[in-house]
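Enquirer: Starting off with a structure, shown below.
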Amino acid sequence: MIEIQTQLRSHNCGALNAAVAGTEVTLCGWVDGRRDHGGIIFIDLRDRWGITQIVFDPNVNADAHAAAEAIRPEWVLRVTGNVRKRGEGLANKNISTGEIELATAAVEVLNKAITPPFEIGKEGVREDLRLEYRYLDLRAQRLQNNLKLRHNMTRAIRNYFDENQFIEVETPIMVKGTPEGSREYLVPSRLHPGSFYVLPQSPQQLKQLLMVGGTDRYFQIARCFRDEDLRGDRQPEFTQFEIEMSFVTQEDVMQMIEGSFHALTEACAPHKEWRKFLVDGQFRRITWDDAMNNYGSDKPDLRFERTMTDVTELVKDSGFGVFKGAAGNGGVVKALRWEGGAKLTRKEIDTLTELAKTHGAKGLAYIIVKEGGELQSPIVKFMGDDEAAAVVKAVGAVAGDIIFFGADEFVAACEALGQVR
């Protein structure tokens, strides 16, 4: 790592360790915490790289100790002193600088601070308060790590696509309005009264023009804007990664994108066990039909299996009208076994039922498998014992399990039960 050195500081607050004990250094940063232990004052100095413990001892430097009496959290300091190892048993193994501390020779207050509205980095602070004082919230290590992660991700993306002969092109932000699916923000023109630009909801047409213009391979980390109601994965402005390629097949595109995810994960999360999801070095591939059939989603979470089972043929003549109606009108009946789910409370089952309803289901039928093979459910009396037993066998349910059902046309049944999954 390249050390940070300027005229104001010789090191950053995360760089010091026992190897540099005995060295005089100068640090700059914010006061993360202050403790007065019987005349000796300890201050934790924080910057983007970490925290270093600073010691103000009146027997070593009375002037610096006197200055430290007034120092409070979030003041900005420049501190010069000697690096020394901490005493026996006093090392802090939770931080990289935990083996050392800085015995102060001089301290300069670069900026004072009023008491902040919340403790920096503390969990449980109201989000609206954190957003109001975003510049303070950004000092927290969690957000510093987020910014660094984003930087590492964009760097990995740029490196990967540059190595694969893509060109990064910045497309215009103010463009001509076109009739597309998403609502765009309007920007009035001062020079042309009554005329408007729009902010692009996506560089879709622009990147296609680049291909017509012979660019061949393009990518962009693009800012996009949408003047529409918010969703869980959508803001008024957001960032998209965009690529376009000429003279390629579907397989070419899939391999290029998969390679980018390999490069991205290696660069940003090499410690994660993501490789266990690879088959012969590649991500597992499943068709849309298989994804919906088995998991009820075109983006299923494969960290757990729990697949759905099609029981349409078993219940097509069912005495339970919901099943018979779905099967007889070209729909499907899907079953989802939840291992150990018999312990769910009535309230928890009702919560899952409401979840299914919010995704289009009319309800959520279920069968609980009790000890000794007894089946507990309001629908068993309509299905009959033989039909219910056949369904239990088909999904492989055993005592202690619960089986949930989705009955409707294919997509609706799969999606609703997929949410329950």
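Enquirer: Limited to region 134-180, what total is found for residues that are of a type outside the set (A, V, I, L, M) and closer than 17 Å to P203 by Cβ?
Expert: Total meeting the criteria: 13.
Enquirer: Using beta carbons and a limit of 7 Å, which pairs, at least six apart or on different chains, have the first residue in region 364-387 and closer than 16 Å to R337 by Cβ and free of Cβ contacts under 8 Å to residues at least 40 places away in the same chain and the second one open to solvent by less than 80 Å² (accessible area, probe 1.4 Å) and of a type in the set (F, W, Y)?
Expert: Short answer, once both residue conditions are applied: Y366/F404; Y366/F405; S377/Y366.
Enquirer: Further question on the same structure: Just checking, which of K112, K93, K85, K122 is under 17 Å from G14 (Cα atoms), out of contact with any helix residue (DSSP H, G or I) (no Cβ under 8 Å at 6 or more places or on another chain) and basic (K, R)?
Expert: Step by step, each of K112, K93, K85, K122 is checked, and only K93 is under 17 Å from G14 (Cα atoms), out of contact with any helix residue (DSSP H, G or I) (no Cβ under 8 Å at 6 or more places or on another chain) and basic (K, R).
Enquirer: For R78, indicate whether it is open to solvent by less than 70 Å² (accessible area, probe 1.4 Å), in a loop (DSSP other than H, G, I, E, B), touching a residue at least 12 places away in the same chain (Cβ under 8 Å) and closer than 27 Å to L8 by Cα.
Expert: It is false that R78 is open to solvent by less than 70 Å² (accessible area, probe 1.4 Å), in a loop (DSSP other than H, G, I, E, B), touching a residue at least 12 places away in the same chain (Cβ under 8 Å) and closer than 27 Å to L8 by Cα.
Enquirer: Please tell me if N92 is touching a residue at least 12 places away in the same chain (Cβ under 8 Å) and assigned to a loop (DSSP other than H, G, I, E, B).
Expert: Considered against the rule, which asks whether it is touching a residue at least 12 places away in the same chain (Cβ under 8 Å) and assigned to a loop (DSSP other than H, G, I, E, B), N92 comes out as yes.
Enquirer: Now for a different question. Taking region 205-235 as the region of interest, how many residues are within 23 Å of G177 (Cβ to Cβ) and without any contact (Cβ under 8 Å) to a residue 12 or more places away in the chain?
Expert: 8
Enquirer: Of these, E305, E339, E313, which one is surrounded by fewer than 20 Cβ atoms within 10 Å (Cβ to Cβ), modelled with pLDDT of 90 or more, of a type in the set (D, E, K, R) and under 13 Å from R421 (Cβ atoms)?
Expert: E339
Enquirer: Taking region 133-154 as the region of interest, how many residues are over 17 Å from the mean Cα position of the chain (by Cα) and surrounded by 13 or more Cβ atoms within 10 Å (Cβ to Cβ)?
Expert: Adding up the residues that qualify gives 6.
Enquirer: List every residue pair whose Cβ atoms sit under 6 Å apart, with the two residues 6 or more apart in sequence or on different chains, where the first one lies in region 107-131 and is touching a residue at least 40 places away in the same chain (Cβ under 8 Å) and closer than 23 Å to T26 by Cβ and the second, anywhere, is surrounded by 11 or more Cβ atoms within 10 Å (Cβ to Cβ) and among the β-branched types (V, I, T).
Expert: Pairs that qualify, where the first residue is touching a residue at least 40 places away in the same chain (Cβ under 8 Å) and closer than 23 Å to T26 by Cβ and the partner is surrounded by 11 or more Cβ atoms within 10 Å (Cβ to Cβ) and among the β-branched types (V, I, T), are V107/V79; L110/V76.
Enquirer: Still on this model: Return the residue satisfying two criteria in turn: it lies in region 1-51 and is of a type in the set (D, E, K, R) and free of Cβ contacts under 8 Å to residues at least 24 places away in the same chain, and of such residues it is surrounded by the most Cβ atoms within 10 Å (Cβ to Cβ).
Expert: D44
Enquirer: Output the number of residues of region 285-328 satisfying the condition of being more than 21 Å from D385 (Cβ to Cβ) and touching a residue at least 60 places away in the same chain (Cβ under 8 Å).
Expert: Total meeting the criteria: 10.
Enquirer: Please give the helices (runs of 4 or more DSSP H) falling wholly within region 375-421 in which 2 or more residues are open to solvent by 30 Å² or more (accessible area, probe 1.4 Å), of a type in the set (F, W, Y) and modelled with pLDDT under 95.
Expert: No helices (runs of 4 or more DSSP H) qualify here.
This table checks each residue for (1) surrounded by fewer than 12 Cβ atoms within 10 Å (Cβ to Cβ); (2) at pLDDT 95 or above; (3) part of a strand (DSSP E or B).
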{"residue": "S182", "(1), (2), (3)": "no, no, no"}
{"residue": "H192", "(1), (2), (3)": "yes, no, no"}
{"residue": "Q208", "(1), (2), (3)": "no, no, no"}
{"residue": "F219", "(1), (2), (3)": "no, yes, yes"}
{"residue": "C224", "(1), (2), (3)": "no, no, yes"}
{"residue": "V248", "(1), (2), (3)": "no, yes, no"}
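The values are calculated or read from the model by the stated rules, or taken from the named source; none is laboratory data. Nothing here was measured: the structure is a model prediction, and the numbers come from that model. Virtual Cβ from ideal backbone geometry, glycine too; neighbours counted across all protein chains shown. Heavy atoms of the whole protein, side chains included, go into the accessibility calculation; ligands, DNA and RNA do not. Shrake-Rupley method; radii C 1.70, N 1.55, O 1.52, S 1.80 Å.
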